[in-house]
Amino acid sequence: MKKWLLIAGATLVLAGCGNSNAEDGSDFPNKNIEIVAPASPGGGWDLTARSVQKALQDNDLVTENINVQNKPGGGGEVGWKYLEKKDAHTLAVNSSLVITNNLLGTSELTHEQFTPLAILSTEWLSIAVAPDSPYSNIEELMNAIKEDPKSIKIGVGPALGNNDHLSLVQLAGEYGIDAKDLNFLVYEGGGDVVTALLGGHVDFVTTSMSEVKEQHLAGKLKILGISAEEREEDLEDVPTYQEQGVDMVFPHWRGIMGPPGMTEEEIAYWDEQLAAMAETELWQEIVENNDWESYYMNSEETSAFLKEQTAMYKGLVEDAGMGQ
Amino acid sequence: MKKISNPNRNVMTIQLKILGLVTALILFIVVAITGIYILFEYREDVADAEKMAYQTAKTLSYMPTAREALQDQDVIPELRNMMDNLLRDTDASAVVMTEGERLFVTMGDEDMILKVFDHPPIEKALIFGSSYTERVGKAEEMALVGVSPLLVDYGDYKKVDGTIMVIYDRALIIRSVIRDSIPILTVSAIALVVGLAGSLLLAKNIKKDTLGLEPKEIAFLYKERKTVFSSFKDGMIVTDAEGRVRMMNPAAKSLFHVTGSVRGQSLKEVIGEPGYPFLKDDFRGDEELEIREQAIIASRQDLRTDGRRSGTIFTFRDKTDLRKMSASLSEIRRVSEDLRAQTHEFKNKLYVIMGLIQLNKNEEAILFIRDETQSQENYAKFVSSSVRDEKLQAIILGKMAKASEQHVSFMVDPGSSLERLPESVDLNGLVTILGNLIDNAMEAVKQLDHGEVVLFVSDLGTDILFEVSDNGPGIPDECFPKLFERGVSGKGPGRGYGLANVQMEVKLLGGEIEVQSDPRGTTFSVFLPKIR
């Protein structure tokens, strides 16, 4: 009997320890938070990272210090590799590159090596032509390309394989155009692309809606369509691709992820804080000012969304690779 | 035993067993290790080739010469020269540059180029501007292709105008892996041969150690030895050189009152008494000793291997049985002796009768015969009326004859009375007890003029009583304490078993023996319980 009492006692003590451990776990976070922007200061990723930092801190959602770390290189790979070895106090901003880098053979990393936490915002992509362009809608433009693909120069930047480029490959695919025939001129960045269009060096451009919105409103160019689900508030006259008969919505999303092997408590913590942040006025304002759109998904939804996106991009790259 | 007489087959089996096992083992290890080595080597080489193809393609695509060649025909020879050098510096089979999807400049293995160009893996480079490696073709004809886009700078913008493909032939990689594997294959083969030789040696060595016997035969011999030892009535103990028990058969165990396994224990501890003479190294030959009240003949023989003592065999023969046999033998001899005495007596009487008849004294002869017959009958009548037991009657009559021959008076006390003796008292026991006591008594009074031995028997009460008295000189005082000890006698060497046997027999029957002795005579009284 004594033996049993001893064992029972030991079990109780152990259970007690277990409880105190759980309490330690709920102490998370217990040191400075780090948000990795896998790009140089000034880009979309950097802006997203700093916006999250501001929104979390100014709304007192996270009491710990939050720092933004810029780790540029390799289309995000340098920053994400850095994240891979950190604990749940470090997060990194991401985008569809976390999927396409691997598909296009530029990186070994996949999104599955990390813990998805949230999708925060999205931008929409657009096709724009010069005001005096002979093409007044997507269909006319695509038919012209189909007829003589080499004659129509397309402005894109800063590199092939980004969402601006991929969305057009998908769009052309919908019209049965061989992606190999598309005549892409690759410019340094979004600004250069618009300049090229304004200078008449290209026939049309594929770029973020925010890049061409002002010029469209000023009448210096014309947006033929956007990849969103519905028309934009400020651009009521611009129809979506879907309205023009192409069953295609193409978000240019940005999200946030954590290192591999996060505990459920840690995931729950960030789910709570990031959901609360997405609701704050400050965050809404930032989204508004940057011509983004709120696109919040929690950890679980993000996980499913990434899977879906991976399948979509895989299809896109493989179909194009097959010469369709 | 048939097996042992067929040594040829035995050699085959033991060697085959070891050879087969060791060979299989070595073969397995060698094949496994070599296979794994080759597999890893192959994988590494393929990975290296892929990496090289990728990097070479990428490097070449960055070179201004390659980009310029698309616009300026004059640069093409320089490009060819560059590609040629590259082919020589690397293991690549071919380098291809395309303009769009069309071949532009090629260098190297043309078959390879044509094969790859069936389905050139350049779409991803052309469309998405990415660099990568692809495997083209199937199985043996597979080629590893590194692809990189040619991003030509047009000032304000860049454009993918073509691709670079660096092609590695997988067959060449496999060939080089095989070439690299020759040393390890050689070593493996040597290991196999050494292993075979080793196993042959091992088999030979084992064969030598087992005197050419198969393990099965050894097991059989072992069992046989055990059974043989167990079946021995004699005790047998085998020890090793250090005196530890290797074997102790059941007879030896019961002799020393040992139970259970004693294998490996020191013999001295097992026996529990270090004083036995056979434990000494110089003990030789058969010697009789007393072990736990049993007469034992112990002998000891050393086991010698290569001239050194490697063990000792002890045997213990129980003498008790032997002695019992000799005792009953002497009883029989005694009975026949008694008969002989009787015969002698009758012969004497016959001579008297013959003499009387020859002298024509027929009347006297008839008288003599009648007297003799009368006295014989009377005595016999007396004996048979007072002593009803026939065994006892026989003994008394026998002793009577012996007494008259030795001129000793042997009487049965007139007060004697005895019904039948119980079954437990057999003739042998009776002869031992009474025969010895009466003989001793007669021997004591033989020298006297009027020697007299009286036997008194009675079965009144719960015990049967035999009393043998003589009027001899009595037992000397110094003999008294050792009276019943074996081998102690006042009669000289080789004697002294009589009284010991009497006592043993009385003990067996659950009775007691008492002695009274003074210079006027000695009386032995034996009490035997009627019911045991």
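The values are calculated or read from the model by the stated rules, or taken from the named source; none is laboratory data. Quantities reported herein were computed from a predicted structural model and do not represent experimental measurements. Using ideal geometry, Cβ is built from the backbone for each residue, glycine included, and neighbour counts are taken over all protein chains shown.
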- prompt: Taking segment A:73-92 only, how many residues are in a loop (DSSP other than H, G, I, E, B) and modelled with pLDDT under 90?
  reply: 1
- prompt: If you take the residues in segment B:88-104 that are surrounded by fewer than 19 Cβ atoms within 10 Å (Cβ to Cβ) and more than 14 Å from every other protein chain (Cβ to nearest Cβ), which one is farthest from the chain's Cα centre (by Cα)?
  reply: B:Leu103
field: Residue list for segment B:111-121, restricted to those being crowded, with 17+ Cβ neighbours inside 10 Å and more than 9 Å from chain A (Cβ to nearest Cβ)
entry: B:Met112, B:Ile113, B:Lys115, B:Val116, B:Phe117, B:Pro120
- request: Given the conditions (1) in a strand (DSSP E or B); (2) surrounded by fewer than 23 Cβ atoms within 10 Å (Cβ to Cβ), report the number of the one that A:Gly173 does not fulfil.
  value: (1)
task: Search segment A:100-117 for residues being of a type in the set (Val, Ile, Thr) and buried (at least 19 other Cβ atoms within 10 Å of the Cβ), and hand back the single one that is farthest from the other protein chains (Cβ to nearest Cβ).
output: A:Thr115
query: How many residues are of a type in the set (Gly, Ala, Ser), more than 14 Å from B:Ile395 (Cα to Cα) and within 49 Å of the chain's Cα centre (by Cα) if we restrict to segment B:422-466?
result: 1
- prompt: Just wondering, is there one or more residues in segment B:445-454 that are buried (at least 17 other Cβ atoms within 10 Å of the Cβ) and part of a helix (DSSP H, G or I)?
  reply: yes
query: Looking at segment B:132-160, which of its residues are in contact with a Gly (Cβ under 7 Å, 6 or more places away or on another chain) and of a type outside the set (A, V, I, L, M, F, W, C)?
result: B:Tyr132, B:Thr133, B:Pro149
- prompt: How do the pairs read when you match residues in segment B:122-139 that are more than 13 Å from B:Gly100 (Cα to Cα) and at the interface with chain A (Cβ under 9 Å from one of its Cβ atoms) with residues anywhere that are part of a helix (DSSP H, G or I) and polar (S, T, N, Q), using Cβ under 8 Å and keeping only pairs 6 or more apart or on different chains?
  reply: B:Ser131/B:Ser61
query: Can you find a residue in segment A:263-276 that is touching a Leu at 6+ places or on another chain (Cβ under 8 Å), assigned by TED's automatic domain parsing to the domain that holds A:Thr100, surrounded by 15 or more Cβ atoms within 10 Å (Cβ to Cβ) and of a type in the set (Phe, Trp, Tyr)?
result: yes
message: I need a count of the residues in segment B:387-412 that are touching a helix residue (DSSP H, G or I) at 6+ places or on another chain (Cβ under 9 Å), assigned to a loop (DSSP other than H, G, I, E, B) and not aliphatic (A, V, I, L, M).
response: 2
task: Please verify whether segment B:364-383 includes one or more residues that are touching a residue at least 24 places away in the same chain (Cβ under 8 Å), touching a Ser or Thr at 6+ places or on another chain (Cβ under 8 Å) and surrounded by 11 or more Cβ atoms within 10 Å (Cβ to Cβ).
output: no
Residue check, B:Ala251 of a type outside the set (D, E, K, R), part of a helix (DSSP H, G or I), assigned by TED's automatic domain parsing to the domain that holds B:Ser310 and touching a residue at least 24 places away in the same chain (Cβ under 8 Å): yes
task: Quick one: in segment B:304-329, of everything that is of a type in the set (S, T, N, Q) and surrounded by 16 or more Cβ atoms within 10 Å (Cβ to Cβ), which residue is nearest to B:Ile291 (Cα to Cα)?
output: B:Thr315
- line: Looking across segment A:172-187 at residues that are modelled with pLDDT under 90 and within 7 Å of chain B (Cβ to nearest Cβ), the single one that is farthest from the chain's Cα centre (by Cα) is A:Lys180
- prompt: Between a first residue in segment B:467-481 that is farther than 20 Å from B:Ile433 by Cα and a second residue that is surrounded by 18 or more Cβ atoms within 10 Å (Cβ to Cβ) and of a type in the set (A, V, I, L, M, F, W, C), which pairs have beta carbons less than 9 Å apart while being 6 or more apart in sequence or on different chains?
  reply: B:Pro473/B:Ala444; B:Pro473/B:Val445
Sole residue being buried (at least 23 other Cβ atoms within 10 Å of the Cβ), touching a residue at least 12 places away in the same chain (Cβ under 8 Å) and in a loop (DSSP other than H, G, I, E, B), chosen from A:Val202, A:Val193: A:Val202
task: Please work out which residue is surrounded by the fewest Cβ atoms within 10 Å (Cβ to Cβ), limiting yourself to segment A:128-162 and to residues that are in a helix (DSSP H, G or I) and basic (Lys, Arg).
output: A:Lys150
- line: Expected single match for assigned to a helix (DSSP H, G or I) and modelled with pLDDT of 85 or more among B:Leu528, B:Leu437 is B:Leu437
message: Given the options A:Glu214, A:Glu229, A:Glu300, name the one that is acidic (Asp, Glu) and either within 14 Å of chain B (Cβ to nearest Cβ) or within 17 Å of A:Thr122 (Cα to Cα) (or both).
response: A:Glu229
message: Taking the criterion of being without any contact (Cβ under 8 Å) to a residue 60 or more places away in the chain, out of contact with any Gly (no Cβ under 7 Å at 6 or more places or on another chain), aromatic (Phe, Trp, Tyr) and assigned to a helix (DSSP H, G or I), would at least one residue in segment B:37-47 satisfy it?
response: yes
task: Filter segment A:118-145 down to residues that are of a type in the set (Asp, Glu) and touching a residue at least 12 places away in the same chain (Cβ under 8 Å) and give me whichever is nearest to the other protein chains (Cβ to nearest Cβ).
output: A:Glu123
message: Quick check on segment A:54-99: of everything there that is surrounded by fewer than 20 Cβ atoms within 10 Å (Cβ to Cβ) and of a type in the set (Ser, Thr, Tyr), which residue is nearest to A:Asp27 (Cα to Cα)?
response: A:Thr63
Count - residues of segment B:134-159 that are of a type outside the set (Lys, Arg) and either surrounded by 24 or more Cβ atoms within 10 Å (Cβ to Cβ) or closer than 28 Å to A:Asp192 by Cα (or both): 15
Unique match (being away from chain A (no Cβ under 14 Å), crowded, with 18+ Cβ neighbours inside 10 Å, at negative phi and part of a helix (DSSP H, G or I)) among B:Phe229, B:Phe220: B:Phe229
- request: Can you confirm whether segment A:217-234 contains a residue that is crowded, with 16+ Cβ neighbours inside 10 Å and part of a helix (DSSP H, G or I)?
  value: no
